[in-house]
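The values are calculated or read from the model by the stated rules, or taken from the named source; none is laboratory data. Just so it is clear, the structure is predicted and the values come from calculations on it, not from any experiment. So basically every Cβ, Gly included, is an ideal-geometry build from the backbone, and we count neighbours across all protein chains shown.
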Amino acid sequence: MTTVTVLDDYQGIVAKLDAARILDGVCAELNVLTAHIDDEAELIEALRGTRCLVLIRERSSITAAVIEALPELKLIVQTGRLSGCIDLEACKRHGIEVRDGTGNPIAPAELTWSLILAASRRVVPYASLLAAGVWQRSEDRIENERLGRSLHGRTLGVWAHGKIGARVASFGKAFGMKVVVHGREGSRASAEQAGHTFIADRRAFFACADVVSLHLRLNADTRHVVTVEDLTAMPQDSLLVNTSRAELIAPGALLAALASGRPAQAALDVFEDEPAGARAYAGHPQVLATPHLGFVERDTYESYFGEAFAHVRQFLLD
């Protein structure tokens, strides 16, 4: 019996997916681990005997040390697109196949827009106080109370007009917002084709946007590219949204900018060193924080694991 291990299934949902039936009829035992394992030695012990390993995005890093300690491991499958959390050179040295799937822009774009709406209208604090029996208030102290705002007529800034950014921009246009785009030449061409304004100057881009949403890929050029100076250039009542990668923002820059009052608030779905890295933002009065839900919904999971388990099945039957 071949052991197929899935790491970091926080909701304990993978075995219940329709996609799990793809493994029916093959000599495989599905071993789903729901708790994240930070310690590398503990992770190695948890993976003893695993022949096929399925990762949920970048929740765990599979280092050279992990690979070298697991001689039975022969296949690693990354849900979605391949990321930097797998030591590919170590896999090559030890004859381990690595396969990935396709990305899905729908769910992260929809989550981005839900965060923009929720933060703009202060939905979460209003709902939380209503649950406590307080009517139509979003602050415990009335002297701190402030109203939410509508999006129509305001400016949405989208940094990177790729598959996700383009969807978010189209949502903004549907809500009656003026859409401005910043990024590389590819973003310029696609943004202008869609009828949006492209702003090449980064500081001018931040300065004109009531809402800025980041949709860059993380690489050596974009790591820490958003600085405190960029953020504090935003208008006084502005919102910064990041559902892409936490490492796009320079360390400490967002907290420092929020303390200065520009932007007025942030909505975040991604954090460095997850899940521990979310602690600095969870409960912050100017931050709407969600636990990396961009791809966490049933349709995306069925797609991701449909591809992943198809790779596993093919590997076991070859």
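For ARG245, the test of being under 12 Å from the mean Cα position of the chain (by Cα), surrounded by fewer than 24 Cβ atoms within 10 Å (Cβ to Cβ) and of a type outside the set (A, V, I, L, M, F, W, C) is passed. Across region 248-267, the number of residues qualifying as free of Cβ contacts under 8 Å to residues at least 60 places away in the same chain, closer than 19 Å to LEU218 by Cα and either crowded, with 17+ Cβ neighbours inside 10 Å or touching a helix residue (DSSP H, G or I) at 6+ places or on another chain (Cβ under 7 Å) (or both) comes to 5. Among the residues of region 61-104, the ones that are closer than 29 Å to GLU297 by Cα and acidic (Asp, Glu) come to 3 in all. Within region 16-28, restricting attention to residues that are touching a strand residue (DSSP E or B) at 6+ places or on another chain (Cβ under 9 Å) and modelled with pLDDT of 95 or more, the residue that is farthest from HIS311 (Cα to Cα) is ALA20.
Note on region 146-179: among residues that are within 25 Å of GLY103 (Cα to Cα) and over 20 Å from the mean Cα position of the chain (by Cα), the one that is surrounded by the most Cβ atoms within 10 Å (Cβ to Cβ) is VAL179. In region 131-140, what residues are over 29 Å from the mean Cα position of the chain (by Cα) and either over 19 Å from GLN265 (Cβ atoms) or modelled with pLDDT under 95 (or both)? Result: ALA132, GLY133, VAL134, TRP135, GLN136, ASP140. Among the conditions (1) out of contact with any helix residue (DSSP H, G or I) (no Cβ under 8 Å at 6 or more places or on another chain); (2) not in a helix (DSSP H, G or I), the only one that LEU316 does not satisfy is (2).
The set of residues from region 16-37 being loosely packed, with under 14 Cβ neighbours inside 10 Å and either touching a residue at least 60 places away in the same chain (Cβ under 8 Å) or hydrophobic (A, V, I, L, M, F, W, C) (or both) comprises ASP18, CYS27, ALA35. For region 41-87, the set of residues classified as in contact with a strand residue (DSSP E or B) (Cβ under 7 Å, 6 or more places away or on another chain) and not in a loop (DSSP other than H, G, I, E, B) consists of THR50, ARG51, CYS52, LEU53, VAL54, LEU55, ILE62, LEU75, ILE76, VAL77, GLN78, ILE86, listed by residue number.
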